[in-house]
Amino acid sequence: MAVLEILKTSTSLGRRSSITQIVKRLNCEYDIATSRDSVKAILDDLMEYYPGPDQVRCKESEKGKAYSFDYYYQTDLPEHIQKNIQAIEQVIHKNKNQGRKEYGLVFQLNGYGTGHQLHPMGKTMEVYPIRILWAYRHPYLVGFFPGRLDAAHFRIDLMSNIRVTERIRVEDPQRDFRIRQVEEEDYQASHLYMFYEGRKERPKYIKLRVKKIPGKPEASMTFLEDHFGRHWWAVEGSETEDAVEVRVECLPGAMAQFVRQYIDRVHVLEPKDVVEQVENALVAEYKAYFHRKV
């Protein structure tokens, strides 16, 4: 992190730092005694971790003797989002070192008001950060709450007052296994629409009956592929039949939203509690829409 800080604060495209200069600064400013080979290895790791473009990256000169720090991300993003992403990425990188300590993030969760400004929602979160992913034009932080094994996600543009926490790392093979399981495609497929579900919600295997397009049964599953990628499986029915039963892994609340969107083509079959949740949501929305008082 000291090397990264030197690059961030003292280099630019027109002003690079050599390995020798970095070694001297580490010794003088950070009281860190190290070698050229060690610094070169750190710089190689930084370039691998920040490959660019459109994100932070460490850049090597054409002759390979000097280095600079290019701060890209996406330049059309508002500044507060860029700063949030930068703060999150730094903590994720620190945790990859697997040292004696681990680092978390505490932040305020907000919402937009009529004046297009962020306002606190009364929620302060503490999260062990895992990765950043993009969905529906927004960047999301995916992480774990302390003491829990279920991943959660938060829109980075809605976060403020980010600060870093640290604690002694506790070895937990089950937790480490669950963290490694958080892959981008798998996570987005089970968390359709990426709205915040709350700490108690978790994906379930849900069975659906899907009505195919009349006259085009073999080419009727594009909408499932668009939403779930390859993370859905046909369990009953053939390619040429008018309907097929499939199984997906999805949050129940997100499944209710999915059914609303494709109500003429999708019917939830099981588990029973998800069937009831979807049906109750549809009835409640029907009543709210057609019996509301204006």
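The values are calculated or read from the model by the stated rules, or taken from the named source; none is laboratory data. Only a predicted model underlies this, so the values are computations on that prediction, with no experimental measurement involved. Please note: Cβ atoms are built from the backbone with ideal geometry, for glycine as well, and neighbour counts cover all protein chains shown.
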Worksheet item: Is region 75-89 home to any residue that is modelled with pLDDT under 65 and out of contact with any helix residue (DSSP H, G or I) (no Cβ under 9 Å at 6 or more places or on another chain)?
Response: yes
Worksheet entry | Search result, residues across region 151-188 that are modelled with pLDDT under 80 and under 27 Å from Y112 (Cβ atoms) | E184, Q188
Response to the item:
Only one of S190, S160 is under 17 Å from M255 (Cα atoms) and polar (S, T, N, Q), namely S190
Worksheet item: Is region 192-213 home to any residue that is in contact with a Gly (Cβ under 6 Å, 6 or more places away or on another chain) and either within 30 Å of E126 (Cβ to Cβ) or surrounded by fewer than 16 Cβ atoms within 10 Å (Cβ to Cβ) (or both)?
Response: yes
Response to the item:
Listed by first then second residue, the pairs whose first member lies in region 1-16 and is assigned to a loop (DSSP other than H, G, I, E, B), whose partner is modelled with pLDDT of 75 or more, with beta carbons under 6 Å and at least 6 positions apart or on separate chains, are T11/S17
Practice prompt. Please go through region 244-258 and pick out each residue that is in contact with a His (Cβ under 8 Å, 6 or more places away or on another chain) and among the aliphatic types (A, V, I, L, M).
Written response: V248, L251, A254
Worksheet item: Can you pull out the residues in region 150-178 that are surrounded by 14 or more Cβ atoms within 10 Å (Cβ to Cβ), outside any strand (DSSP E or B) and of a type in the set (V, I, T)?
Response: I156
Practice prompt. Go through the residues of region 215-227 one by one and say whether even a single one is out of contact with any Lys or Arg (no Cβ under 6 Å at 6 or more places or on another chain), modelled with pLDDT under 90 and surrounded by 12 or more Cβ atoms within 10 Å (Cβ to Cβ).
Written response: yes
Discussion item. Given the criterion under 30 Å from E225 (Cα atoms), exposed (fewer than 14 other Cβ atoms within 10 Å of the Cβ) and at pLDDT 85 or above, identify the matching residue among H138, H119.
Written reply: H138
Worksheet, complete the sentence: A careful count of residues in region 75-116 that are touching a strand residue (DSSP E or B) at 6+ places or on another chain (Cβ under 9 Å), of a type in the set (S, T, N, Q) and either loosely packed, with under 14 Cβ neighbours inside 10 Å or outside any strand (DSSP E or B) (or both) gives 3
